[in-house]
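K.L.:
Let me begin by handing over the structure; questions about it come next.
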Amino acid sequence: MKRQFLALMLLVTTILTATAQNFPVDTVRINKAYKVLMSGERTTETEMEFLEAYPTTWLEFYMTYSFMYNEDGNYEMCDMCSEHIITLISLTHINDTIQCKKIVNLSIGMKETGECTGIFQSYLVNYVLKNDKLVLDYLSKLRKGHQMQFWQFCWSTVTECNWADVFVQLYNRNRLMYPKQMEMSRIAFEYFYDGINYPILLPHKYEEYKRKHDDRSYKHVFNGYRDAYLE
């Protein structure tokens, strides 16, 4: 009997562990919070509920919008990715620093490997441009490695986008007040802008990935930025 009880406990623990690993974010909660905001009920409380329910790390984001089924068993979280990102960026009733911390932390280590991350990168770069002082103040408190990971994701381009002008505007605006942060941003831009194809995360998508990245026509031709852009 004792052995049966221990075996049962081991089975329950294994199931709970597997569930926690496969479902790191409560999709019921985030969808409910999103629907409340879309109904027009925008308050500090409702926006904080959405912010707290939203993924906090890159891995949580990836697993939520790439693999997860929603509470009804339908594979639709990836379809909600864009709407959720727009909502995250457009929160207006919560503390700006809290929102900034969430967005920056989510970006650290992220890789532009698909539609959802590409959408997030686009909104992130524009968010940084509009809230540069807030972002740089928070970044300055993080470890250098995390700062570099943030800028790497910001400036990496594996889809058709052009962040060159945005980088130059951000750099020239902040290079005197935030010299260390801007130098790190510059290094990340130099090495990651139009200079990296991220490794394949899902082997079965290799052929699709290879076809896309063998075609250099989607890349912007960029002949350096030092003389042409930086003051």
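K.L.:
Would it be correct to say that LEU176 is farther than 26 Å from MET80 by Cβ and not in a helix (DSSP H, G or I)? Steps first, please.
P.N.:
On the way: farther than 26 Å from MET80 by Cβ: yes; not in a helix (DSSP H, G or I): yes.
Yes: the conditions hold for LEU176.
K.L.:
Give the number of residues within the stretch 93-125 that are more than 20 Å from TYR65 (Cβ to Cβ) and either open to solvent by less than 30 Å² (accessible area, probe 1.4 Å) or part of a helix (DSSP H, G or I) (or both).
P.N.:
The number of residues fulfilling the criteria is 6.
K.L.:
Which of the residues that make up the stretch 100-121 are of a type in the set (Ser, Thr, Tyr) and modelled with pLDDT under 90?
P.N.:
At the first step, the residues of the stretch 100-121 found to be of a type in the set (Ser, Thr, Tyr) are 107, 113, 117.
THR113, THR117 - these are the residues of the stretch 100-121 that are of a type in the set (Ser, Thr, Tyr) and modelled with pLDDT under 90.
K.L.:
Can you tell me which condition ASN31 does not meet? The list is (1) modelled with pLDDT under 50; (2) surrounded by 10 or more Cβ atoms within 10 Å (Cβ to Cβ), and all the others hold.
P.N.:
(1) is the only condition that ASN31 fails.
K.L.:
What do you reckon, is THR97 modelled with pLDDT of 95 or more and farther than 29 Å from SER156 by Cα?
P.N.:
When the stated conditions are applied, THR97 does not pass them.
K.L.:
Let me ask something else about it. Being at pLDDT below 90 and within 21 Å of ASN105 (Cβ to Cβ) is the filter here, so list the residues in the stretch 164-192 that pass it.
P.N.:
Listed by number, the list holds a single entry, PHE192.
The values are calculated or read from the model by the stated rules, or taken from the named source; none is laboratory data. Here the structure is a predicted model, which means the values were calculated and not measured. Counting neighbours? That spans all protein chains shown, and the Cβs are built from the backbone with ideal geometry, glycine included. The area values use the complete protein model at the heavy-atom level, side chains included, leaving out ligands, DNA and RNA. Shrake-Rupley method; radii C 1.70, N 1.55, O 1.52, S 1.80 Å.
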